[in-house]
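Only one structure is covered here, and it is reproduced in the block below.
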Amino acid sequence: MTGPGSVPDVFDPRQYAQGIPHDHYRHLRDHHPVAWQEEPEVLGWPAGPGFWAVTRHQDAVRVLKDSSTYSSYLGATQIRDPDPADLPFIRRMMLNQDPPHHRRLRTLVSRAFTPKRVDRFETAVRERARSLFTRAVAEARAGDGTCDLVAQVTDDYALLNLTDLLGVPDTDRALLLHWTQRVIGYQDPDEAGTPTLGPDGKPINPRSPASLRDMFDYAHALAAHKRRHPADDVMTALATDPELNAPELEMFFFLLVVAGNDTVRSAAPGGLHLLAEHPDAYRRLRDGEVELTTAVDELLRRHPPVLTFRRTATRDTELAGTRIRTGDKVVVFHASANHDERVYPDPFTLDLARTPNPHISFGDGPHVCLGAHFARLQLRALYAEACRALPSGSLRLAAPPRRLVSNFINGVKSLPVRVTDV
């Protein structure tokens with residue numbers, strides 16, 4: 001048992017392959033809401049100086065909203081410190097900037113990522129979900145009665161929706177999945193493969209300029225094509241925006257490809273897993289007793305696609321009675337905040353009609369997810385088609401899901417289900 005004075009580890013990415021450590025999170029919320037975490041060498045990645053883990057909802061929201069005290073720019077937004085030589089490059093990304101510079105870039109990209117443009121994809125998104133589920137169910141019934149909803153539905157669904165929105169040619173779509181796995185899944189050997197080592201024998205950061213050169217070269221080639229052959233897609237809008245320079249275009253492409261793909265790629269199977277584990281809630285959703293809109297937000301609350309985001313203290317400050325020094329790393333734990341008993345009655349009950357539901361699965365403050373509208377649209381369509389393709393009783397786990405080794409992304413690598421005619 002963990003005593004009140006002890007501080008459990010919530011850093012080691014390997015533990016997340018077994019599931020979110022909710023028992024550790026609750027202990028921290030109750031006894032150490034802003035807790036110091038050691039940052040030892042793990043999986044070949046070098047040790048770091050340590051950080052403050054923020055686990056209560058109120059404190060997490062405060063950190064995310066107060067960019068003047070908790071900066072995205074000083075040390076970027078990943079727990080691990082970037083190589084100092086890479087930091088100026090990493091800071092070019094909108095995610096790693098603070099107002100007012102962040103506001104300018106967000107305004108530029110929002111012109112391309114408009115709700116009107118996204119809504120035009122709704123029919124195509126719904127048809128894609130239906131097609132993928134239909135094929136997966138048919139293949140299961142022709143085989144051993146099981147299918148992997150990640151491999152056969154959600155991975156393709158997230159990727160194809162994003163490439164449609166961006167305007168990436170069909171022949172190039174596999175590149176986007178490769179880049180996502182390399183950058184997001186870098187802590188997991190199944191996703192990233194054997195890491196490339198630098199002269200010091202340590203893995204090279206997948207977000208370094210050298211590691212991203214192939215992605216950036218592709219972004220410029222695609223932008224040049226869009227200028228010659230404009231279409232109604234996000235890359236055309238970015239490529240033809242006179243206020244967007246070449247380095248900014250590179251980083252927007254990186255952000256949209258990686259974050260735009262993996263948000264839904266992580267959230268979708270997590271939601272389906274929850275529905276499989278809660279058949280009564282799934283029945284209520286199928287029978288129309290709860291609205292898809294509230295159901296999507298509850299599934300996002302229980303399974304946020306992102307586990308952590310880091311900030312750096314710009315000055316000496318205090319959070320939940322804990323003294324934080326200038327330069328300290330401060331890390332928000334989204335899944336913990338989303339299960340804070342101080343905000344959510346019965347936080348581990350899957351209540352698809354829960355309202356209000358102030359989860360922070362898409363962040364908060366100036367960096368709230370720009371693609372949240374598109375993500376919710378996709379998830380509504382996916383769960384609606386799951387209800388049609390998988391009758392109540394047929395969404396049953398055939399084996400435990402396999403989870404991503406990561407303290408950043410709440411990923412599901414496989415979700416085997418047994419398809420029946422019940």
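Okay, here's what the table says:
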{"quantity": "Segment 1-105, relative contact order [Cα under 8 Å, separation at least 6], %", "calculated": "17 percent"}
{"quantity": "Where segment 273-422 is the region considered: accessible area per residue in Å², 1.4 Å probe", "calculated": "36 Å²"}
{"quantity": "Residue-normalised accessible area of segment 99-165, given per residue in Å² at a 1.4 Å probe", "calculated": "47 Å²"}
{"quantity": "Stretchable slack from residue 172 to residue 353, in nm (0.36 nm times residue separation minus alpha-carbon distance)", "calculated": "61.2 nm"}
{"quantity": "Percentage of interatomic Cα-Cα distances in segment 238-310 larger than 21 Å", "calculated": "46 percent"}
{"quantity": "Cα centre as origin, Lys/Arg/Asp/Glu Cβ charges: the chain dipole, Debye", "calculated": "680 debye"}
{"quantity": "CD proxy at 222 nm, helix term only [per DSSP H run n ≥ 4: -39500 (n - 2.57); per residue of the chain; nearest 500]", "calculated": "-13500 deg cm²/dmol"}
{"quantity": "Debye log10 I(q)/I(0) at q = 0.14 Å⁻¹ for segment 26-165, Cα point scatterers", "calculated": "-1.00"}
{"quantity": "Sulfur and carbon atoms: percent of accessible area, segment 108-176 [1.4 Å]", "calculated": "50 percent"}
{"quantity": "Whole-percent carbon and sulfur share, accessible surface of segment 1-95, 1.4 Å", "calculated": "53 percent"}
{"quantity": "Positive-end residue of 312, 124, 333, charge dipole of the chain with Cβ unit charges", "calculated": "124"}
{"quantity": "Pairwise label distance in nanometres, residue 18 with residue 134, each label 7 Å out on the Cα-Cβ vector", "calculated": "4.3 nm"}
{"quantity": "Solvent-accessible heavy-atom area per residue, rounded to whole Å², over segment 1-96 at 1.4 Å", "calculated": "44 Å²"}
{"quantity": "Potential lengthening between residue 110 and residue 66 on full extension [0.36 nm per residue; Cα-Cα distance subtracted]", "calculated": "13.7 nm"}
{"quantity": "Binned Cα-Cα distance frequencies in the chain - 10 Å width, integer %", "calculated": "4, 22, 32, 27, 13, 2, 0"}
{"quantity": "Accessible carbon and sulfur surface of segment 243-308 relative to its total accessible area, %, 1.4 Å", "calculated": "48 percent"}
{"quantity": "Relative contact order (percent, whole number), segment 50-163, Cα cutoff 8 Å, 6+ residue spacing", "calculated": "15 percent"}
{"quantity": "Bins of 5 Å from zero: percent of alpha-carbon pairs in segment 281-338", "calculated": "4, 15, 17, 14, 12, 11, 8, 7, 6, 5, 1"}
{"quantity": "Of 65/116; 329/413; 226/413, those spanning more than 32 Å from alpha-carbon to alpha-carbon", "calculated": "226/413"}
{"quantity": "The chain - percent relative contact order, Cα under 8 Å, separation 6 or more", "calculated": "27 percent"}
{"quantity": "Given charges at Cβ of Lys, Arg, Asp, Glu: the chain dipole, positive-most of 365, 43, 18", "calculated": "365"}
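The values are calculated or read from the model by the stated rules, or taken from the named source; none is laboratory data. It should be emphasised that the depicted structure is a prediction, and the values quoted were computed from it without experimental measurement. For neighbour counting, all protein chains shown are included, and Cβ atoms are generated from backbone atoms with ideal geometry for every residue, glycine included. These area figures cover heavy atoms from the full protein model, side chains too; ligands, DNA and RNA do not enter into them. Shrake-Rupley method; radii C 1.70, N 1.55, O 1.52, S 1.80 Å.
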